[in-house]
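Everything below concerns the one structure shown next.
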Amino acid sequence: MRQRPLSPHLQAYRLPGTALLSISHRISGVVLTVGTVLGSVLLLALAFDQNAFEQLRDAIATPIGRGALWLWLYAFLFHLCHGVRHLLWDIGWGFERERMQRYVILELVGSVLLLFVVFVTSQILT
């Protein structure tokens with residue numbers, strides 16, 4: 001009797017770039033949601049309690065807080081770049097295999113470049 005195949009799992013397959021970006025797009029949406037909720041808490045603290053706002057502001061000023069803000073910003077920019085591609089797909093453009101793979105790289109490079117522009121701008125303005 002032949003051995004039965006093992007159950008398929010992600011480690012057995014090499015996912016294409018578009019699939020990885022689709023998963024990353026969903027993850028960035030979750031990061032954006034969590035960051036937006038935390039931002040709302042910060043605004044509520046500002047509105048109701050000066051002491052609580054100062055504690056939250058001090059927590060954001062820590063390296064972990066600043067890292068979380070940059071992660072949220074990158075998630076926003078990545079989500080934006082991927083959303084533009086979805087808009088192009090909605091008009092029926094960019095479904096060719098070569099273009100799809102090229103746009104995977106373009107989205108990643110574009111989101112990193114946008115983050116770099118924001119970083120440089122923030123350094124200039126502060």
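At-a-glance table
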{"item": "Criterion: open to solvent by 70 Å² or more (accessible area, probe 1.4 Å), among the aromatic types (Phe, Trp, Tyr) and modelled with pLDDT of 95 or more - qualifying residue of PHE76, PHE95", "result": "PHE76"}
{"item": "Residue among ARG57, ARG14, ARG66 that alone is free of Cβ contacts under 8 Å to residues at least 24 places away in the same chain, closer than 30 Å to TRP93 by Cα and either open to solvent by 80 Å² or more (accessible area, probe 1.4 Å) or touching a Cys at 6+ places or on another chain (Cβ under 7 Å) (or both)", "result": "ARG14"}
{"item": "Selection count, region 77-126, where residues are in contact with a Leu (Cβ under 6 Å, 6 or more places away or on another chain) and hydrophobic (A, V, I, L, M, F, W, C)", "result": "4"}
{"item": "Residue within region 98-121 that is closer than 14 Å to VAL31 by Cβ, in contact with a helix residue (DSSP H, G or I) (Cβ under 9 Å, 6 or more places away or on another chain), surrounded by 12 or more Cβ atoms within 10 Å (Cβ to Cβ) and free of Cβ contacts under 8 Å to residues at least 40 places away in the same chain present", "result": "yes"}
{"item": "Failed condition for SER28, given (1) touching a helix residue (DSSP H, G or I) at 6+ places or on another chain (Cβ under 8 Å); (2) farther than 23 Å from SER111 by Cβ", "result": "(2)"}
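The values are calculated or read from the model by the stated rules, or taken from the named source; none is laboratory data. Given the structure is predicted, the values throughout are model-derived calculations rather than measurements. Using ideal geometry, Cβ is built from the backbone for each residue, glycine included, and neighbour counts are taken over all protein chains shown. Each accessible area value is taken on the protein alone, full model and side chains, heavy atoms only, with ligands, DNA and RNA left out. Shrake-Rupley method; radii C 1.70, N 1.55, O 1.52, S 1.80 Å.
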